[in-house]
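The values are calculated or read from the model by the stated rules, or taken from the named source; none is laboratory data. From a predicted model like this one, the values you see are computed outputs, not experimental measurements. Every residue, glycine as well, gets a Cβ built from its backbone with ideal geometry; the counts of neighbours run over all protein chains shown. Ligands, DNA and RNA are excluded from the accessible area calculation, which covers all protein heavy atoms including side chains. Shrake-Rupley method; radii C 1.70, N 1.55, O 1.52, S 1.80 Å.
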Amino acid sequence: MADACLAADILNLEYRIQRCERRVNRQVLREIEQPFDLTDVEFRELYRLTPELLNDLIDVLAPHLMHTRITGLSVEKQVLSAIRLYATGCYQRPVGEQWGISMSQPSISRCIHRVTDAINENIFRQWVQFSMTPEARWFAREQFQNAPQPFEGAIGAIDCTHVAILAPREHEEAYVNHNGYHSINVQMICDPTLKILNVNARFPGARHDAYIWSSSAARGVMERAYNRGERRTYLIGDSGYPLEPWLLTPLPHEPEETPRFFYNEALCSARNCVERLFGVLKSTWRCLSKHRVLQYEPGFAGKIVNACAVLHNMRIAGGILDDDPFEKYANGDVPGIHIDDDDNLRPLTLARRIQDRLIVERFGR
């Protein structure tokens, strides 16, 4: 009996020694392997950002991620590990074993949570902003009017996309989408440069796009602007959304070479930017891809979506995306607001009248 206890103690001691050795080895590797010594091309392939952008992000997050313990992980390593998981979408242990990171799985998990929370709490609103003022909406109108696929009056294109997640323990059935897998249904609004203006990642996959829009803060902004007399300012969406005075959607089954057909073509071409956004976003940040399942509960998965939206907009600001930025307009004057005598009509009737008027004015031949 005593021999068995002694053997067990020896095995336990050997295991603890091995753990200490692995910890020391990882610390040595972290000090030796410096990702910022990579070439810019190699760095971008691993982390999707330039070294300059990532250093800027580290500087901003440093006050919120700094450890008090001298042996704690540096802010740089915390941010690199989280960005690497966003970029690859793989499991935490393989991320920790990759070059330049060298961390245990529990350390990677803590880093991902800390960095994701820090991005959401401190810089999300700075980088993802919807047009809240008349001046901002006028500038957004100018962007769409001068875009390669223009649509006069539009200030944003709206759509939803599914981000696959692990089946949650509570209300699992609510997260099964129409394609049969568990997801959150994420609503986004973007401009023609693919910059994200608004993100809503709070709803389960079974929720319809129209339901998410009806509960969206962006809808409240658009409705209030309309009620204050701001006309001819719209979001543009697909047929999954309801037609409203501030949200234009396509018309079904219109014959070719008619004004209504030309309206459909112009609207669908202009809103194609949001489809391109989803393609760019999911191919850059693979954790959002359908083929990578976020292994987190829905609330934290939504925070990861928000973090990826911030990083996407940082890439645009850094000139990484191929789309050429539109020139800023020197004249910030807001034109006079056109008032229509439509205030007493029901919203759907009013929306149809606005749509018909727009078709006659711009596409009638």
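Odds and ends about this structure:
- Measuring r between the beta carbons of residue 215 and residue 193 and using R0 = 25 Å, the FRET efficiency lands at 0.40.
- Within segment 37-133, trypsin sites (Lys or Arg not before Pro) in DSSP loop having at most 11 other beta-carbon neighbours inside 10 Å: 69
- The fraction of accessible area contributed by carbon and sulfur in segment 65-211 is 50 percent, rounded to a whole number (1.4 Å probe; ligands and nucleic acids excluded).
- Cα shape, segment 147-265, gyration tensor, a/c 1.5 rule: prolate
- Rounded to the nearest 10 square angstrom, residue 265 shows an accessible area of 90 square angstrom against a 1.4 Å probe.
- Segment 32-126 - percent relative contact order, Cα under 8 Å, separation 6 or more: 27 percent
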